[in-house]
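Enquirer: Here it is: the structure, laid out below.
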Amino acid sequence: MIALLLGTLLIAECDRETAPPPQAKQETPQAQAPELTGTLDISNRGKAAPKDTFLDPAGSPVTIASFKGKPLLVNLWATWCGPCVREMPTLEKIAAQAGDKLKVLTVSQDRETVDIAPTFEKGGFKLLERYRDPESKLGFAFNTGMLPTTVLYDAQGKEVWRVVGAMDWNGPRANTLLAEFIG
């Protein structure tokens, strides 16, 4: 009986598959940042801009209606939002391209105690201004639940479209969306 048991164990041991040799470590290409492709939403087209106040660079209350008379691109962002910070240089370029045809407004959703100046200094932004919405009134009014969110208003203060999520504002998709406003 013992011999039979030992024989069975030996056969079972021989039947075991050997573990495959470890794979050689392969070099992976440098991970590229994901493409900035926010979601276009036209469901609020024609809706008036919210009347909520936010703060201009001097700290005075202002509303979107304060900018009536020319198209306005309102971008909600925050310093802690990687995609937001990543898209800001492309918004700076749009502001340069647009000149007087379109106002680009970046509105920080950071708390009042957060210093947003380093983001602007590091990015070298000359045209984007430091608007703030520490109570996130616009964020709640836009009701997307996501940053960044960018909304285009026409000269009368009516929504044209919004992009929820980050966007390469210098890419072909953005050029198509902005063509009638900046040429």
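Just so it is clear, none of the values below were taken in a lab; they were calculated from the coordinates. Only a predicted model underlies this, so the values are computations on that prediction, with no experimental measurement involved. Please note: Cβ atoms are built from the backbone with ideal geometry, for glycine as well, and neighbour counts cover all protein chains shown.
Enquirer: Specify the residue that is nearest to GLY171 (Cα to Cα); the eligible residues are those in segment 68-89 that are more than 11 Å from the chain's Cα centre (by Cα) and in contact (Cβ under 8 Å) with a residue 60 or more places away in the chain.
Expert: For segment 68-89, the residue satisfying everything is LEU73.
Enquirer: Further question on the same structure: Which residues, taken from segment 116-131, are touching a residue at least 24 places away in the same chain (Cβ under 8 Å) and closer than 19 Å to SER60 by Cβ?
Expert: ILE116, LEU128, GLU129, ARG130, TYR131
Enquirer: Just give me the residues in segment 146-165 being out of contact with any Ser or Thr (no Cβ under 8 Å at 6 or more places or on another chain) and more than 21 Å from ALA48 (Cβ to Cβ), in sequence order. I'd like the intermediate steps shown before the answer.
Expert: At the first step, the residues of segment 146-165 found to be out of contact with any Ser or Thr (no Cβ under 8 Å at 6 or more places or on another chain) are 146-161.
MET146, LEU147, PRO148, listed by residue number.
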